[in-house]
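Notes to accompany the following structure.
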Amino acid sequence: MAGSLTTRFAQLNPLSKLTRGVYDEDVGEEIDDSTIAGGGHGARQTKITKTQIRVSHALKSFLVKESVFSEEEIGLDSEEPSPALQALLERSHIEVPPQVTDRSYPLPEYFISSSHNTYLLGHQLHGKSSATAYETALNAGSRCVEIDAWDDEDNEDEPKVTHGYTLVSHIPFRAVCETIRDVVDREAEQAQNAQGYRAAPILLSLENHCGVHGQARLAEIMKEVWGDRLLDKAVRIKGHQEQSGEDDSTDPVTLAELGSKIVVIVEYHLPDEVETTDGDSSDPEDQEEKQAQAAYRARKKAVASGAIVPELACLGVYAQSVKPKDNSWYESVLKDAPRNHLINVSETGLASHMPLASEKIARHNARHLMRVFPKGTRISSKNLKQVPFWGVGAQICAMNWQTFNASMQINEALFSGTDGYVLKPAALRAGGSMRLSSGRRKRLLLHIAGASDLPLPASQDRDVQDLRPYVTCTIIHPDEIEADHPKRKTRPYKHHKLGFLHRGENPPPTDPVWDEVLEWEYDDNELVFLRILIKDDISFAENPVYAVAALRLLYAVRGWSFIRMLDLKGHETKCSLLVKINILDA
C-alpha cells in the first residue's frame, strides 16, 4: 500500500512537466542555495561581475544609432566595455525610494517577504525536509519562515519538523533552530546597510502540533539555542498593547525597535474554534491533488487542537496567530481576541471576502498583522497570486519558496533591493484612505532594444540557429484578475542564415535585436508590477521560457538601462536585456 501511495504522489511531481519540455508562463524550477532572487538583504549580490557582462556589437550599434553614445564613447569594435558603456551596465534598472525601507513605522505597516512550509524541498506531500532550506530562504531574502512542529514518538524530548500525515521526511526541531541561529550570527557580522540598519528581524511562524510536553520543549529549545537572539519580552512597557485595538493613542512598537531579533508568531486558539477547509479548487488539473489532500484532512481530523501552554504562549510577544471563526475581525473588533492578534487565513478564505469587504480588510490590516497561506490543493508547490492580497494590506503572503515561479518572481520585484521589509503605500497605513487607486491613468512605454547571451537550458535540443526568441511582458495590477492582466509582446527575432543577403547587423539568435516599443495604459497605484519573459517561438508547441525578470513600476528607473535576466531557478545569468522605460500621464 505504501509503495502504491508513493507512486501516486510521485505522479503529482510539478517538475515532471519540465522534463517533457512543456512550459507555461507560470513555470519555475527548484530553488537551490545559489538562488539570489526573493528580495531582502542578500538580493542581487551578484556572483557575476559587471565586467563579465558582454554587450553584443549589434546593441552597441543600436546605442550609437539612438544617440546614447558616439562610436568613440562606446568603443564599438572593442571586446572590453568602454568606461561609458560600463557605467550604463552598472546603472541599476530599479531605484528603491529610501522611505520604502525606513524602519521607523509600526510593524503592521510593512509587507514582509515570507516563506510557507520553509522546511520542504520540492513537493508538499512527498518532498524532503531539510534544515538547510531555512538557510536558503533566509539568504535569498525571506524574513518570515514557517516551522511545523510535531511530537517525535521516538524521542519525546526532541520535537520534529515535518508536514504531518504525509510522506514528507522529518528533521529535528533543534536542527532548524541551530540553522536559523547560524544565519542570525552571520548576519550580525555583516556591515550596516545604506541607512545604517543592521539585518532585519526574522519572524518565525510556528505551527504547533505538539502535546503539552512537546510544547514546553519547543519553548525550552528555542531559548536554549537562540539565547538573547530571541525576542521573549516586550521591547518596552509602553506600546505592549499596541495591536490590541483598544487604545488608538498607544505608541506602537516600530520595526526598528525589533532590531535583529527572532520574533515568534505563536498560535492562539479561539473558543469553539472549528476546523476550516480551503474550499475546492476550480482548476481541473487539481483533481488528483484534491483527492490526496482529502486523505490528508481525514487523518488530520483525528487530532484535536489543544491549548497552547503558557511557556510557549508567552513567546508570542507581538504576534498571536488566530484563524477567525466569523467576520468580527474586520466588521468590528475580533471577538475573544488575544493580546496581539495576527489573522491567519488561507488564500481562498481571504478571497471569499473580496472585493466586497476589501476596504474594511485593509483598515484592519493597517493596525494588525495578517498572514495569507496557500490553499490546501497547492501541494505541488504552486503559489498563490499575492498582488491582490498586498492590495488589501496583507503583510505576510506566505510563498511556496521551493520553485521560482511567476509569484516568486513578483515577490522578488517587490522586495529586491530591500531588507525583506517594504513600507506599505500611505493609503494602506493607519490613517490612510484604504484605496490604492490614485484616480489617474498612466502610460507605460517600454522600448525593448535587444539582449545579449540569451541563456539556453542544457537540454536544449533545437539548433541554435533555428531559435526565434521574443519578449512577452505583462502588467500585474492588484485590482485586476489574472485573466485581465494586459500582455504585450515583440515579434520573434529571426536570424538570417544567408547573412550576405541581409543589410546591416545580423546577430545570432542568442544576441537578438527587436527595437520595438510596447505600450500600456493602466490605473495608477503603487502596487503595479511588470513581468518580462524571453521565450522561444516554436510552431505547434508550447514556447519555452529562457529568462525572466520582474519589477515594481514604482522602482523603475527612467531611460535606458540593462536588466540582468534570471533563469528559472532564480540564478542571475550573463544575459542582459537593454530597455528604455518611460511612464507618462495618459
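The values are calculated or read from the model by the stated rules, or taken from the named source; none is laboratory data. Just so it is clear, the structure is predicted and the values come from calculations on it, not from any experiment. Every residue, glycine as well, gets a Cβ built from its backbone with ideal geometry; the counts of neighbours run over all protein chains shown.
The lone criterion from (1) surrounded by fewer than 20 Cβ atoms within 10 Å (Cβ to Cβ); (2) more than 30 Å from A256 (Cβ to Cβ); (3) more than 13 Å from the chain's Cα centre (by Cα) left unmet by G432 is number (2).
For segment 179-217, the candidate set comprises residues that are touching a helix residue (DSSP H, G or I) at 6+ places or on another chain (Cβ under 6 Å) and part of a helix (DSSP H, G or I); within that set, the residue that is farthest from A313 (Cα to Cα) is V183.
Quick check on this structure: which one of V392, V372 is within 19 Å of the chain's Cα centre (by Cα) and either assigned to a strand (DSSP E or B) or aromatic (F, W, Y) (or both)?
On the way: V392 fails: either assigned to a strand (DSSP E or B) or aromatic (F, W, Y) (or both).
Only one candidate passes the filter, namely V372.
Can you confirm whether segment 406-414 contains a residue that is in a loop (DSSP other than H, G, I, E, B) and closer than 21 Å to G141 by Cα? Checked segment 406-414: no residue is in a loop (DSSP other than H, G, I, E, B) and closer than 21 Å to G141 by Cα. K442 passes every criterion in (1) buried (at least 21 other Cβ atoms within 10 Å of the Cβ); (2) touching a Leu at 6+ places or on another chain (Cβ under 8 Å); (3) under 21 Å from R552 (Cβ atoms); (4) not hydrophobic (A, V, I, L, M, F, W, C) apart from (1). Put simply, of P492, P509, P457 the only residue that is in contact with a Phe, Trp or Tyr (Cβ under 6 Å, 6 or more places away or on another chain) and in a loop (DSSP other than H, G, I, E, B) is P492. Number of residues in segment 218-234 that are touching a helix residue (DSSP H, G or I) at 6+ places or on another chain (Cβ under 7 Å) and in a helix (DSSP H, G or I) equals 7. Number of residues in segment 416-439 that are in contact with a Leu (Cβ under 7 Å, 6 or more places away or on another chain) and among the small types (G, A, S) equals 1.
Within segment 83-110, being part of a loop (DSSP other than H, G, I, E, B) and closer than 30 Å to V68 by Cα holds for R91, S92, H93, E95, V96, P97.
Mind telling me which of the residues A149, A131 ends up being more than 19 Å from A319 (Cβ to Cβ) and either surrounded by fewer than 23 Cβ atoms within 10 Å (Cβ to Cβ) or in contact with a His (Cβ under 8 Å, 6 or more places away or on another chain) (or both)? None of the other options fit; the residue is A131.
Out of (1) at positive phi; (2) at pLDDT 85 or above, the odd one out for G21 is which? That leaves (2) as the condition not met.
Taking residues in segment 307-325 that are within 16 Å of M370 (Cβ to Cβ) and in contact (Cβ under 8 Å) with a residue 12 or more places away in the chain, and partners anywhere that are assigned to a strand (DSSP E or B) and not hydrophobic (A, V, I, L, M, F, W, C), the pairs with Cβ atoms closer than 6 Å and at least 6 places apart or on different chains are Q320/H341; S321/E267; S321/N344; V322/H341; K323/N344. Is at least one residue of segment 574-585 under 17 Å from the mean Cα position of the chain (by Cα), over 18 Å from A451 (Cβ atoms) and at pLDDT 95 or above? No, because not a single residue in segment 574-585 is under 17 Å from the mean Cα position of the chain (by Cα), over 18 Å from A451 (Cβ atoms) and at pLDDT 95 or above.
Matching residues to (1) in contact with a Cys (Cβ under 8 Å, 6 or more places away or on another chain); (2) at pLDDT 95 or above; (3) of a type outside the set (A, V, I, L, M, F, W, C):
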{"residue": "L342", "(1), (2), (3)": "no, yes, no"}
{"residue": "L384", "(1), (2), (3)": "yes, no, no"}
{"residue": "A394", "(1), (2), (3)": "no, yes, no"}
{"residue": "F404", "(1), (2), (3)": "no, no, no"}
{"residue": "Q409", "(1), (2), (3)": "no, no, yes"}
{"residue": "S416", "(1), (2), (3)": "no, no, yes"}
{"residue": "L423", "(1), (2), (3)": "no, yes, no"}
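Please tell me if Q241 is assigned to a loop (DSSP other than H, G, I, E, B), at pLDDT 65 or above and surrounded by fewer than 19 Cβ atoms within 10 Å (Cβ to Cβ). Full working, then the answer.
Numbers: assigned to a loop (DSSP other than H, G, I, E, B): yes; at pLDDT 65 or above: no; surrounded by fewer than 19 Cβ atoms within 10 Å (Cβ to Cβ): yes.
It is false that Q241 is assigned to a loop (DSSP other than H, G, I, E, B), at pLDDT 65 or above and surrounded by fewer than 19 Cβ atoms within 10 Å (Cβ to Cβ).
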